[in-house]
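Have a look at the structure below before the remarks.
A short reminder: the numbers here are calculations on the coordinates, not readings from a lab. All values reported here derive from a predicted model rather than from experimental measurement. Please note: Cβ atoms are built from the backbone with ideal geometry, for glycine as well, and neighbour counts cover all protein chains shown.
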Amino acid sequence: MDALTKLNILGLLLAAVFLGMACVRSQRVRAWRAAVNPSAEEVPDSAFTVARVTFVALAGICVYMAVQGFGVSDDASWDDSELTSAVNGATDALDGSFTYGDPNEDATTEFDGDEYATTIEEEIVEHGGGDAPQYGADAALTGPPLSGQASYRITANGANNSYCVRVTRTHSGDVETVAPGLPGDQAAVTMPKYTYAVSSQAGEC
């Protein structure tokens, strides 16, 4: 339970306390005052009316703030169904995708798992749907990439479930392109093309 949810619950408890105080009978208050201080002046009925109106108003404010707070809390956290849908959507989008590397790279260049973690997080947020937050997804490497393969533990703020996304990067050839601004035979630049096979499953890697 996050801090905002605890604060919202506290607001509802305060509302209940204020309503309870508004329901206390005036005779009971007068009897208590007489027992504590017999010489105290009598409290007029109008004072009890003002007090009751004040307590009810305070209770209403607390309820309103709590309801608004629960709405904010829901918008700021993921639930399990949102994360499941987002992971499935991100997996489908990334599986079979490709990128081009730096011209100075070749087939021996190591797979940058940390950089691809950002790609996974962005895709999960993009496929989270209208009610899911636009942040809070985390893709953590479970170990250093080996031979172009990496595994990521997927979690999200508020969701109880976790997922494992496995990525295999393959050097699928080289692409020659023209670099603007370079003269003559220097204009042709060769860039490696990388293709990604991506899968996911519920639970740990």
| query | For the chain, list the cysteines whose Cβ sits under 4.7 Å from no other cysteine Cβ? | reply | C23, C62
| note | Amide H proximity to D174 below 5 Å, modelled H, separation 5+ or other chain, gives K193
| remark: The long-range amide H neighbours of W78, using H built 1.01 Å from N in the peptide plane and a cut-off of under 5 Å, are N157, G158, A159
| query | Put a dot 7 Å past each Cα toward the Cβ at L141 and V175; how far apart are the dots in nm? | reply | 2.5
| request: Compute the relative contact order of the chain as a whole-number percentage, counting only Cα pairs closer than 8 Å that sit 6 or more residues apart in sequence. | output: 21
| field | Ranked packing of 116-122, 52-58, most packed first, by mean Cβ within 10 Å | value | 116-122, 52-58
| note | Once phi for every residue in region 88-93 is put through the Karplus expression 6.51 cos²θ - 1.76 cosθ + 1.60 (θ = phi - 60°), the whole-Hz ³J(HN,Hα) values, with Gly and Pro written as x, are 4, x, 5, 4, 4, 6
| task | Using a Gaussian network model of the chain whose springs link C-alpha atoms within less than 10 Å, name the residue from N88, N157, N104 with the highest mean-square fluctuation. | result | N104
| message | If the elastic network links every pair of Cα atoms under 10 Å, which of E115, E41, E176 fluctuates the most in the Gaussian network model of the chain? | response | E41
| Which value, in Å to one decimal place, does the Kirkwood hydrodynamic radius take for the chain when every pair of different Cα atoms is included? | 22.2
| field | Phi to ³J(HN,Hα) by Karplus 6.51 cos²θ - 1.76 cosθ + 1.60 over region 156-172, Hz, x for Gly, Pro | value | 8, 4, x, 7, 8, 7, 10, 9, 10, 10, 10, 10, 10, 9, 10, 7, 9
| message | Kirkwood hydrodynamic radius, region 73-123, all distinct C-alpha pairs: what's the number in Å? | response | 13.4
| note | Across V67, V189, V43, the residue with the highest GNM fluctuation in the chain (Cα network, 10 Å cutoff) is V43
| remark: Computed ³J(HN,Hα) along region 106-122: with the Karplus parameters 6.51/-1.76/1.60, θ = phi - 60°, integer Hz and x for glycine or proline, the list is 9, 4, 8, 5, 5, 6, 7, x, 5, 5, 6, 4, 4, 4, 5, 4, 5
| note | Put in order of increasing Cβ neighbours within 10 Å, starting from the fewest, W32, W78 give W32, W78
